[in-house]
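Asks: Below are the structure tokens for one structure; questions will follow.
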Amino acid sequence: MIVDKINTEDMFLYYSSKMALNNISIKIPEKKVTAFIGPSGCGKSTFLRSLNRMNDLIDGVKIEGKVIIDNINIYDKNIDVVTLRKKVGMVFQKSNPFAKSIYENVAYGPKINGIKDKSQLDEIVEMALKNAAIWDEVKDRLGDSALGLSGGQQQRLCIARTLAVNPEIVLMDEPASALDPLSTAKIEELIVQLKENYTIVIVTHNMQQAARISDNTAFFYLGELIEYDRTKKIFTNPDKKQTEDYITGRFG
Amino acid sequence: MENYRIFDSELEKLTHKVITMCSQVNEQLVDVVLALKTSDLTLARKVISNDEFINNLDVKIDKLCQKIFALQQPVASDLRYIISALKINNDLERIGDHAVNIAKRIEPLQDYKQLIEEFGIDTLGEKTTVLFADVVELVKTHDLAFAEKVMTKAGEIKDECEGIASRILSEMMHQSEVVVVAANILIITNLLDRITSYSTNIAESITFVVDGEIVKHRKHN
Ligand SMILES: Nc1ncnc2c1ncn2[C@@H]1O[C@H](COP(=O)(O)OP(=O)(O)O)[C@@H](O)[C@H]1O
Ligand SMILES: [Mg+2]
């Protein structure tokens, strides 16, 4: 059975007076990869950020509508944003490890969450690095600086850091767009593996990437959700002409 | 904001080649039916030797499609267009082959023009030719309503083939002296039947390009 993990209802978002999201209603299934595509500036990142309230940090943002995760509207007054962001983790385009050891980067989140026991932390770090498919490459140098890793390794380390706090949903904003083809392939493979345990939402400007790794694809244009369907359908026979024109490269 | 797409110039090349293939095959079909009707052995030989050109073009179209798949990674209507071009090309090549197969049977039948007429093979051949000319038009226009008409018409021709085939069979049973000749005529009837089926396939491919519907296994009647 397919369970909807995230369900947005009539979402609007304004940056001051400028509307960036126009009435977005979408159901994102659990343990699937959902891709957001669309030309630059259409609101993909804005929408992604609104799924774990990262937009709250931006001045002048006004949000209307609901974002329901596991039957709870995350914009309700009594929601604890820290707990929310633990449950809904995020990976960004530019990998941003701290200038600390590989180990410390991954242990950071669990430590903040109050885990102090060394062996428990070791276990979490190893698990997270394994889940992020980077364990074999770093296990012998966990004490080395994270900044010494390659771009692709840094990105997988950031994924491990996100996984270390045990989220249910992982949001990724163009996680492979700064990487070479081989590192990109590794990240893609990783994403497909991760969906076994996590709900993945990924923004990508690489259409072939969306086609390769996602189960469902949402096409955004000018702040609107134009079409949302199974990826197979979107890339073989989309219903909307705008989708067709975008994915075939006729505009955008 | 309309984008320039390298893809479009590749698509144009492909379309041009497929249309050329269509007209070549059309010429083969017209010629072979005329050769059959008039027992024109020279024309039959011309059909046989022209096949090489069609085979070469078939390979070129295949290669171009491969190249487009590999380099352009087409999606949506672009994807359907290339898939259809491949299939249509394949169907055209087969029609070409069958024109040759008919051409090869004209010589043994050259003294039996009357029998060919009696069974209505010459008319059947002409109908198949007209149908194919419609298919060529369809490949150019992508007109869905016309595709439906073509498929219906093809169904009628196939019914006719079946009728003629059973008449030939009963003739063979009752008049043993015509068996060898009749067998040849029967084979030609079957070849025309096959050509009609390929014409139907092409109409189906066009439907697929336009609306993404796969009509291959739907019953036509
Ligand atoms: N922090 C911000 N303040 C004001 N406007 C913003 C901000 N972030 C994004 N925008 C605007 O919102 C729109 C959507 O942007 P974004 O969500 O980044 O699009 P995408 O990720 O699809 O490229 C754009 O017009 C952009 O300029
Ligand atoms: Mg963005």
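Asks: Using helices alone, I'd like the mean residue ellipticity at 222 nm for chain A: each DSSP H run of four-plus residues gives -39500 (n - 2.57), total over residue count, nearest 500.
Replies: So the helix-based figure for chain A works out to -10000 deg cm²/dmol.
Asks: Can you put A:Thr34, B:Thr42, B:Thr128, A:Thr83 in order of Cβ neighbours within 10 angstrom, beginning with the fewest?
Replies: Sorted ascending by nearby Cβ count, the order is B:Thr42, A:Thr83, A:Thr34, B:Thr128.
Asks: Follow-up. Taking +1 at the Cβ of each Lys and Arg and -1 at the Cβ of each Asp and Glu, which of B:Asn3, B:Leu144, B:Thr200 sits farthest along the dipole of chain B towards its positive end, judged by Cα position relative to the Cα centre?
Replies: Looking along the dipole axis, the top candidate is B:Asn3.
Asks: Counting other beta carbons within 10 Å of each residue's own, what order do A:Val138, A:Val91, B:Val59, A:Val192 fall into, fewest first?
Replies: Ordered by Cβ neighbours within 10 Å, fewest first: B:Val59, A:Val192, A:Val138, A:Val91.
Asks: Also, I was wondering about something else. Given Cα pairs under 8 Å that are at least 6 residues apart, what percent is the relative contact order of chain A? The partial results should precede the final answer.
Replies: Values: 480 pairs, mean separation 68.3, N = 252.
Across chain A, relative contact order equals 27 percent.
Asks: Continuing with this model, one more query. Helix A:151-163 against the longest principal axis of chain A: what's the angle in degrees, Cα atoms only, rounded to the nearest 10?
Replies: It works out to around 90 degrees.
Asks: Another question, then. Name the residues whose placed amide hydrogens come within less than 5 Å of the amide hydrogen of A:Ala20, ignoring near sequence neighbours (fewer than 5 apart) on the same chain.
Replies: Close amide H contacts, sequence-distant or interchain: A:Leu13, A:Tyr14, A:Tyr15.
Asks: Could you list the residues of the range B:117-144 with an amide nitrogen less than 19 Å from a label point located 7 Å from the Cα of B:Phe53 in the Cα-to-C-beta direction?
Replies: Zone members listed by number: B:133, B:136-137.
Asks: With viscosity set to 1.002 mPa s and temperature to 20 °C, compute the Stokes-Einstein D of the range B:2-211, Rh being the Kirkwood radius across alpha carbon pairs; µm²/s, no decimals.
Replies: For these conditions, the coefficient is 119 µm²/s.
Asks: Relative contact order for the range B:2-211 using alpha-carbon pairs under 8 Å, separation at least 6, rounded to a whole percent?
Replies: 28 percent
Asks: Can you pull the one-decimal nm distance between simple spin-label points at A:Glu30 and A:Asp180, each 7 Å off the Cα toward Cβ?
Replies: Going by the 7 Å Cα→Cβ label model, 4.1 nm.
Asks: Most exposed first by the Cβ proxy, i.e. fewest other Cβ within 10 Å, how do A:Ile226, B:Ile82 rank?
Replies: If I rank by nearby Cβ atoms, fewest first, I get A:Ile226, B:Ile82.
Asks: Where the centroid of each part is defined by its Cα atoms, how far is the range A:220-251 from the range B:52-126 in Å?
Replies: Spelled out, the Cα-based centre of one part sits 35 Å from the other.
Asks: Could you please report the charge total around A:Ser16, scoring K, R as +1 and D, E as -1 over all other residues with beta-carbon less than 12 angstrom from its beta-carbon?
Replies: Details: positive: A:Lys18, A:Lys62; negative: A:Asp59.
Cβ neighbours under 12 Å give a net charge of +1.
Asks: Distance in nm between label sites at A:Gln208 and B:Ala70, each 7 Å beyond Cα in the beta-carbon direction?
Replies: Result for the modelled spin labels: 1.3 nm.
Asks: Moving on. Ignoring solvent entirely, what values of log10 I(q)/I(0) come out of the Debye formula for the range B:1-105 at 0.12 Å⁻¹ when each Cα is a single scatterer?
Replies: -0.47
Asks: Which is the longest stretch in chain A that no exposed loop site breaks, taking sites as chymotrypsin sites (Phe, Trp or Tyr not before Pro) with a DSSP loop state and at most 13 other Cβ atoms within 10 Å?
Replies: Free of exposed loop sites, the longest segment is A:99-250.
Asks: So if I take the centroid of the Cα atoms in the range A:1-79 and the same for the range A:160-207, what is the distance between those two points in Å?
Replies: Taking the Cα centre of the range A:160-207 as reference, the centre of the range A:1-79 is 19 Å away.
Asks: Now, a different point. Between A:Ser25 and residues 5 or more places away or on another chain, which pairs have amide H atoms under 5 Å apart, with H built 1.01 Å from N, and which residues are they?
Replies: Those qualifying (amide H under 5 Å, at least 5 residues apart or on another chain) are A:Asp10, A:Met11.
Asks: Work out the length of the dipole vector of the protein assembly as shown about its Cα centre, built from +1 on the beta-carbon of each Lys and Arg and -1 on the beta-carbon of each Asp and Glu, and round it to the nearest 20 debye.
Replies: 1820 debye
Asks: While we're here: Write down the percent of antiparallel bridges among all DSSP beta bridges whose residues are both part of chain A, to the nearest 5.
Replies: 60 percent
Asks: While we're looking at this one, here's another question. Take chain B, connect every pair of alpha-carbon atoms lying under 10 Å apart with a spring to form a Gaussian network, then pick out the residue of B:Ala133, B:Ala145, B:Ala165 with the largest mean-square fluctuation.
Replies: Result: B:Ala145 has the largest fluctuation of those listed.
Asks: If you don't mind, there's one more thing I want to ask. Show that you can apply the helix-only estimate: for chain B, add -39,500 (n - 2.57) for every DSSP H stretch of four or more residues, divide by all residues, and state [θ] at 222 nm to the nearest 500.
Replies: That comes out to -30000 deg cm²/dmol.
Asks: Where is the GNM fluctuation largest for chain A (alpha-carbon springs, 10 angstrom cutoff): A:Lys241, A:Lys139, A:Lys77?
Replies: The residue with the greatest mean-square fluctuation here is A:Lys77.
Taken together, the values in this text are just the output of simple stated rules run on the coordinates, not laboratory data. Nothing here was measured: the structure is a model prediction, and the numbers come from that model. No Cβ is skipped: glycine too gets one built from the backbone with ideal geometry, and neighbour counts run over all protein chains shown.
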